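Structure, as structure tokens:
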Amino acid sequence: MADDIVVLDHITKRFPRIVANDDISLSIKKGEIYALLGENGAGKSTLMSVLFGLYEPDEGRIIIRGKEVQIHSPREASALNIGMVHQHFKLVSDQSVTENIILGIEPTVKRLGILSRLDMKGARERIRKLSSDYGLDVDPDAKIEDLPVSARQRVEILKMLYRDAEILIFDEPTAVLTPQEIDSLLHVIKALRDGGKTIILITHKLDEIKKVADRCAILCRGKLVGIYDVNSISTQEMASLMVGYEYTDEVNKKNYSGGDTILQVENVTLYNQDKVKVVDDVSFCVHKGEIVSIAGVAGNGQVEVADVVAGMLIPSAGRIVYKGMDITGKSIRERTEEGIAYIPEDRQDVGLLLDCDLAVNLALKSYYHEPYCSRGILKPVEFRKNGEMLIDQYDIRSSEGCSTIVRSMSGGNQQKAIIAREISLDADLYIFVQPTRGLDVGAIKNIQERILALSEEGKAVLLISLELEEIMNLSDTVIVMYNGRIQTVRKRSEVTANEIGYYMMGAKHEA
Amino acid sequence: MNSIIIDGLSFALPLFIIAIGGIYSERSGITNLALEGLLGFGAFTGGLTAAIIYEYSSIGGTASMYIALIAALFGGMVYAMLHALLCIRFKANQVISGVVINILATALTAFLTNQINASLFGRASNRFVLEVSPRFSIPLISEIPFIGAFFTSIYPFEIIILIVAAIMWYVLEKTPYGLRLRAAGDNPQAVDAAGANVSAIRFSAVMVSGALSGLGGMCFAYSISSNVSPSIFSGYGYLSIAAFIFGNWKIGPTFWACILFGFARSAGYSLVNVLALPSAYSDLVLTLPYIITVILLIFVSRANRAPKSLGEVYDKGKR
């Protein structure tokens, strides 16, 4: 027990209506990577928030380096050398990396012996050193808003290191990263451990745990299910423990037999605000009952293609033909009414009104006509009826049913709400953009099954995803995009995941 | 030509110091439409102080001017605490609070001026008369053609403003306090997570805006009218808001925006004089800065970026 740096002793944390952590005891050794595994809402983040001083436990003790402590605020956690990288970064976008890192503990020097000012030079040096020590590769002078997500995350890591943190908590760090970025992050995490830091990794991605973690604790519905050496347990076992039932990876999929053309995208080209060609002469078709997926590394124009079809962006050239009708110039509402449903990439910004309740969000695409609105007056009763029906049908979990403010719901349930709303439109074409991003295994499976069910009903589905596995599991036809161009269009049955991977990297090109 | 520069500067600089106040408040995340009211209330405090000094003491003109300027600074600061209290402590809508502060200032100062004049000084008047501020020219340099005009007939307050502005720039850009203030307007959560007190930073920033507005308002009173009357509320606060928006919430560019407004105004007056137009036209000239504002808005709005969390009530729990 001597080398246990963090001991959580019988921690219980209750919220109204839910016990988030139920009598959880863990001990974490110095210098190990300790994974906390569980579905969304299993209580991982709550437990770490308790350790980081964001919440106070209702029962139980926290023992750090052999001493019992009370942690009332992140500041006190910081004083105990505990640091945390949150899922939502806390960075000031119009300031430099250095300014962000020193915020709150600014070093100063005296000028002319009296005028005290920020010691930017010293701070920059120290950041540069930390950055190269752990292979973080961050330019201390870059502005945050110019940095990609992965670099912002490295800034958050530097922020902890700059504060001499020894216990580093990562809250689902890979949810926002591409596969390559995930690899380099895992390297960084290993380097940090080898540098003597203790790392707590909150995640629901099993392969990452297999790759880096030494031990893992599995939580399920607020309870600790077990603590395992990662080497002694298979991913299959971990998955079923975490979900609470036997989990199978395979999705049952019927073979696609062909049907009428629903969507034709013809020679679509799109320039972005900076006059850069992001979509370059893209053409493809989606048929009735077919799932067409667009694979590709993030930022290769896939999302823009979906936005063009949905009407969010107007193409610079080319046509969108839906059921034989040119809809290129049609508004989003007209497209919705023609039967195009859209599940956007950014569920919080585009998909939902976060500060409105669930009933409103579930009727967002139909509020303006009967039965929700009659003679210009909204009918709250109908909103509720519809809401309750969908909540029930799609198993959307929320604390107060229809009146739950959507912001307070978990990511998985927010996504379920969007999908419920869109499916209830009874459209003919469904566009899914990264429908399972950041969700846990159970929710992913649920959503994938919904997508398959749609295609079995004869709906056309356009799926954009970064997860190769998802694409291989679901699609009938796979399109790979690279640099805004279509690399290849293949039948799912005639291509392997490895081949798709090559195309995604731009290695292979089909004329 | 010289009078364009001289009058332009004496109008632009008070505008500039008020705009810096606005920058402090808004960079910390608090929308500040109250500058108009703050400068008026500050000038009222200064004017009252000057009147009391004149009536009851033997302190001379110049010294009383400096005392009045300091009094205006404190008056604006104290009055600004009302805005800070409403916006931060009571999480009121910042636009509405600003407008209310302005309306309240107009009514309150008019009422108090009348009452105090009647009861304290025994006369019926809606204004405090100030002594005329001295002016000075810098020898030799002021002789140089054209450039010399920048060093001719300077009000002492112009120098004060430049010094204060330099200090305010240094504090905002070079000190830990400034860094936190700028961060609070962009992402208050980050400031909170870093262990700093967002509310305290914002409260102090609004107080700074009040102090600088009060100072600027008193300078206007000395330069434009030599008295403090309801005419102090003629839109200069709003003009300084326009100035710092054109300046993209940065002190350097805001300076040039203020210079532009100042020179546009003084050039217009000169034009009226040179062409010997009837006095009605000088009223038209007064609208010149506002017309420029409208035209500039078309061009600069696109490139401008307000502080990201401007006007948002900071709520710790919100994700």
Exercise. So residue A:198 fits all but one of (1) buried (at least 18 other Cβ atoms within 10 Å of the Cβ); (2) within 21 Å of residue A:466 (Cβ to Cβ); (3) hydroxyl-bearing (Ser, Thr, Tyr); what number is the exception?
Worked result: (2)
For this session: Evaluate segment A:18-28: report whether one residue or more is buried (at least 22 other Cβ atoms within 10 Å of the Cβ) and part of a helix (DSSP H, G or I).
Result: no
Exercise. (1) closer than 19 Å to residue A:88 by Cβ; (2) free of Cβ contacts under 8 Å to residues at least 24 places away in the same chain: which one isn't true of residue A:157, the others all being true?
Worked result: (2)
For this session: May I ask you to verify whether residue B:245 is more than 14 Å from every other protein chain (Cβ to nearest Cβ), within 30 Å of residue B:63 (Cα to Cα), out of contact with any Pro (no Cβ under 7 Å at 6 or more places or on another chain) and surrounded by fewer than 24 Cβ atoms within 10 Å (Cβ to Cβ)?
Result: no
Exercise. Name the strands (runs of 3 or more DSSP E) wholly within segment A:443-511 that hold at least 1 residues that are at pLDDT below 85?
Worked result: A:477-482
For this session: Pull up segment A:125-154, narrow it to residues that are away from chain B (no Cβ under 12 Å) and among the aliphatic types (A, V, I, L, M), then point me to the one that is nearest to the chain's Cα centre (by Cα).
Result: A:149
For this session: Among the numbered conditions (1) away from chain A (no Cβ under 14 Å); (2) among the polar types (S, T, N, Q); (3) under 23 Å from residue B:237 (Cβ atoms); (4) surrounded by fewer than 16 Cβ atoms within 10 Å (Cβ to Cβ), tell me where residue B:304 comes up short.
Result: (1)
Problem set entry | Residues (surrounded by fewer than 20 Cβ atoms within 10 Å (Cβ to Cβ) and more than 14 Å from the chain's Cα centre (by Cα)) located in segment A:167-180 | A:180
Problem set entry | Residue in segment B:49-65 that is of a type in the set (Ser, Thr, Tyr), open to solvent by 70 Å² or more (accessible area, probe 1.4 Å) and not in a helix (DSSP H, G or I) present | yes
Exercise. Going by the structure shown, is residue A:417 crowded, with 22+ Cβ neighbours inside 10 Å, closer than 22 Å to residue A:176 by Cβ and touching a residue at least 60 places away in the same chain (Cβ under 8 Å)?
Worked result: yes
Problem set entry | Matching residues, segment A:90-124, being of a type in the set (A, V, I, L, M) and within 10 Å of chain B (Cβ to nearest Cβ) | A:91, A:92, A:101, A:102, A:103, A:105, A:115, A:118, A:120
Exercise. Just wondering, is there one or more residues in segment B:131-146 that are without any contact (Cβ under 8 Å) to a residue 40 or more places away in the chain and either within 14 Å of chain A (Cβ to nearest Cβ) or closer than 29 Å to residue B:248 by Cβ (or both)?
Worked result: no
Exercise. For segment A:302-404, which helices (runs of 4 or more DSSP H) that fit wholly inside it have 1 or more residues that are acidic (Asp, Glu), more than 30 Å from residue A:486 (Cα to Cα) and at pLDDT below 90?
Worked result: A:380-394
For this session: Count, please, the residues in segment A:288-305 that happen to be open to solvent by 50 Å² or more (accessible area, probe 1.4 Å) and out of contact with any Leu (no Cβ under 8 Å at 6 or more places or on another chain).
Result: 2
For this session: Name the one entry in B:183, B:166, B:221, B:205 that is within 14 Å of another protein chain (Cβ to nearest Cβ) and surrounded by 24 or more Cβ atoms within 10 Å (Cβ to Cβ).
Result: B:183
For this session: Might you let me know whether segment B:98-113 holds any residue that is open to solvent by less than 20 Å² (accessible area, probe 1.4 Å), more than 14 Å from every other protein chain (Cβ to nearest Cβ), closer than 30 Å to residue B:4 by Cα and in contact (Cβ under 8 Å) with a residue 24 or more places away in the chain?
Result: no
Exercise. Is it the case that some residue within segment B:11-33 is among the aromatic types (Phe, Trp, Tyr), open to solvent by less than 10 Å² (accessible area, probe 1.4 Å), part of a helix (DSSP H, G or I) and over 25 Å from residue B:204 (Cβ atoms)?
Worked result: yes
For this session: Could you grab me the full set of residues in segment B:210-242 that are among the aliphatic types (A, V, I, L, M) and out of contact with any Lys or Arg (no Cβ under 9 Å at 6 or more places or on another chain)?
Result: B:211, B:212, B:215, B:218, B:221, B:224, B:232, B:239, B:241, B:242
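The values are calculated or read from the model by the stated rules, or taken from the named source; none is laboratory data. Note that the structure is a prediction, hence the values are computed from the model and not measured. Neighbour counts run over all protein chains shown; Cβ positions are idealised from the backbone, glycine included. These area figures cover heavy atoms from the full protein model, side chains too; ligands, DNA and RNA do not enter into them. Shrake-Rupley method; radii C 1.70, N 1.55, O 1.52, S 1.80 Å.
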